[in-house]
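Heads up: the structure comes next, in structure tokens.
Every read-out reported here was derived from the displayed coordinates using simple, explicitly stated rules and does not represent laboratory data. Worth saying up front: this structure is predicted, and the values here are computed from it rather than measured. Here Cβ is always computed from backbone atoms with ideal geometry, including for glycine, and neighbour counts include all displayed protein chains.
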Amino acid sequence: MTAHVAVRHKRRLALAGLSAVALAPFARAAVGAADGAADGTAKEPPTRVVVLDWPLTEVVLSLGVVPVGVSRPSWYAKLDGVPALPPQVVDTGLLYQPNFEVLAALQPELIVITPWHAPLRALLERIAPTLTVQLFGPGIDVYPAVRDATRTLAAALGRDAAADALFAQAAANLVAASGRLADFRATRRPVYLLRPIDDRHIAVFGNNSLFGGVLGALGIRNAWQGIADPQGMTEADLGALAQQADAQVVTIGLPPGVAAQLARSPLWNALPFVSQNRVRNIGPLPALGGMVASMRFADSLATALQGVTQ
């Protein structure tokens, strides 16, 4: 889920007032699932899964499960789209305004949501059992939360072996990236992880972000020690970066238009890491993602900083 979506989620939850009567015909699937649990019948792991969040869609796909429905699949693809969604996945509507008729017609066995969907939970449970999984929030570090969320979803989907394989792959990826970064670590320089907004403002990733967590796991200090929002980011003026004059900078997903603005910015060019050529760029990656996103970031960071020795 993107930051601007999270900020406006309350407005989009107006659908929570939808009449329960309108959903009554759609309740049979959930009632049937509850009856199965009550009579002690062993249930197979759900295979018809709907996911109403894009980062959690990544997690479900990384476990080898293709959802039958996802909120705005085209937006998932625009934000990053790795792993890719097959074309047959059904569009269930907006993140916080799902189409309940579409949901019911899909006959899901499980609906996966975030805490931001809480006002909709009772309505969703009339259609299918609903699981809340949290990736970020006040006091939560995103990197370990991603690991916890992966384990939670693996258990719910009967994919524990797939999770074990994914974690083993992530561990190997971290070891490989760490080896490639040995020379850079020897410089003892901290790293700013930035997403420039314009020629005056940047989004900077803190220790509690997904990227900040990977950075720490690689043994590199985050140059930004200020306050970050629950997603691990904060917006700051370029001048705030002067506090760590010896830092290395890595920009993430720098749009060409913004790069051109920075090239003309006297403030940007006056910063020590710019004038001393300590800026590297990596391609766009989702700031909120799963283990796949964390592995891609570790690999991209190692590629950007490999061979940097001063």
Separation of the GLN134 and GLN243 label points, Cα + 7 Å toward Cβ, nm:
2.7 nm
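ALA171 to ASP198: extension gain in nm, 0.36 nm per residue of separation minus the Cα-Cα distance? Don't skip to the answer; put the middle values down first.
Values: separation 27, 0.36 × 27 = 9.72 nm, distance 3.56 nm.
Between ALA171 and ASP198, full extension yields an extra 6.2 nm.
Helix by helix through the chain, keep the DSSP H runs that span 24 Å or more along the axis on Cα and average at least -1.0 on Kyte-Doolittle, and give those back in order. The partial results should precede the final answer.
Details: long enough: 160-180 (30 Å, 0.61).
What comes out of the filter, once short or polar helices are dropped, is 160-180.
Have a look at the DSSP beta bridges in the chain and tell me what percent are antiparallel, nearest 5.
Values: 9 of 28 bridges.
Taking every DSSP beta bridge within the chain, about 30 percent pair in antiparallel fashion.
State whether region 150-224 is rounded, prolate or oblate according to the following rule on the C-alpha gyration tensor (a ≥ b ≥ c being the square roots of its eigenvalues): a/c under 1.5 gives rounded; otherwise a/b larger than b/c gives prolate, and the remaining case gives oblate. Mind dumping the intermediate values first?
Values: a/c = 3.43, a/b = 1.56, b/c = 2.20.
Oblate is the answer for region 150-224, as a/c is 1.5 or above yet b/c matches or exceeds a/b.
Going highest first, how would you order 248-255, 269-276 by mean Cβ packing within 10 Å?
Working: 248-255: 19.0, 269-276: 14.6.
Result, highest mean Cβ count within 10 Å first: 248-255, 269-276.
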Dipole-positive endmost among SER71, ALA304, ALA156 within the chain (Cβ charges, Cα centre)
ALA304
Would you mind checking region 198-239 for residues with the amide N under 16 Å from a putative spin-label position 7 Å along Cα→C-beta of ALA270?
199-201, 237-239
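Once you sort the root eigenvalues of the Cα gyration tensor of region 239-284 as a ≥ b ≥ c, which label holds: rounded (a/c under 1.5), prolate (a/b larger than b/c) or oblate (the other case)? Write down the numbers at each step before the final one.
On the way: a/c = 2.04, a/b = 1.31, b/c = 1.56.
Judged from the Cα gyration tensor, region 239-284 comes out oblate (a/c at least 1.5, b/c at or above a/b).
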Each label sits 7 Å from Cα toward the beta-carbon; between TRP75 and GLN306 the label points are separated, in nm, by 3.7 nm
Just want to confirm a number: the relative contact order over the chain, from Cα pairs under 8 angstrom separated by 6+ residues, in percent.
19 percent
Two-site label geometry, ALA161 and GLN225: point separation in nm, points 7 Å out along Cα→Cβ
4.8 nm
Checked region 165-305 against the a/c 1.5 cut and the a/b vs b/c comparison, axes a ≥ b ≥ c from its Cα gyration tensor; verdict prolate
